Amino acid sequence: MKKKLLISLICAAFLSLVAAPILSAADAPKDDYVIKAPEGMKVKEKDGKPGVLQKAVPFAHSKHAAAKCADCHHTMDKDGGKIKKCTDAGCHDSLDARGKENAKEIKLVENAFHTQCMDCHKALKKENKPTGPTACGKCHTK
């Protein structure tokens, strides 16, 4: 009887160790997830007229399953596994319009996405691996 109880406890402990990370993992949004410009984001003027925001970007998490969540959501490790919006994380919270003087400023939301997404896609392309688009109209479709 004691042997069965001991084996049962060991099995339960093992299953708990295996199941805990799976159950606590963040659920990725569905593949119909759309990345939109944050409210209040500014765009630069063109020919003296107000600029226009690019269309939203559809994003399929299932196509990015090979990447680790923290590759994109880089604050989650220090935030106890929580995934925050770029503008909430204190990293990419500048809603200023992108121009020549701040074209490389990583605090701009636009630059954060463009750098993260396009650099990864370009690197995969160099390695002759399947990749996503790098042209404006191929991402901004909605």
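The table for this structure:
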read-out: Complete set of residues in region 125-142 that are in contact with a strand residue (DSSP E or B) (Cβ under 8 Å, 6 or more places away or on another chain), surrounded by fewer than 17 Cβ atoms within 10 Å (Cβ to Cβ) and not basic (Lys, Arg); value: HIS140, THR141
read-out: Residue satisfying all of: in region 50-100; hydroxyl-bearing (Ser, Thr, Tyr) and in contact with a Leu (Cβ under 9 Å, 6 or more places away or on another chain); modelled with the highest pLDDT among these; value: SER94
read-out: Qualifying residues in region 56-70 (those that are touching a residue at least 40 places away in the same chain (Cβ under 8 Å) and not in a loop (DSSP other than H, G, I, E, B)) - the one surrounded by the most Cβ atoms within 10 Å (Cβ to Cβ); value: VAL57
read-out: Selection within region 106-142 - more than 13 Å from HIS64 (Cα to Cα), among the polar types (S, T, N, Q) and over 14 Å from the mean Cα position of the chain (by Cα); value: ASN128, THR134, THR141
read-out: Hits in region 108-133 (condition: among the charged types (D, E, K, R) and either touching a residue at least 24 places away in the same chain (Cβ under 8 Å) or within 17 Å of ILE35 (Cα to Cα) (or both)); value: GLU110
read-out: Residues of region 93-122 classified as out of contact with any Asp or Glu (no Cβ under 9 Å at 6 or more places or on another chain) and part of a loop (DSSP other than H, G, I, E, B), total; value: 5
read-out: Subset of region 17-49 [modelled with pLDDT of 80 or more, assigned to a loop (DSSP other than H, G, I, E, B) and surrounded by 10 or more Cβ atoms within 10 Å (Cβ to Cβ)]; value: LYS36, ALA37, PRO38, MET41, LYS42, VAL43, LYS44, GLU45
read-out: When residues of region 79-124 are limited to those that are among the basic types (Lys, Arg) and under 30 Å from LYS46 (Cβ atoms), the one surrounded by the most Cβ atoms within 10 Å (Cβ to Cβ); value: ARG98
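The values are calculated or read from the model by the stated rules, or taken from the named source; none is laboratory data. None of these values were measured; they are calculated from a predicted model. Please note: Cβ atoms are built from the backbone with ideal geometry, for glycine as well, and neighbour counts cover all protein chains shown.
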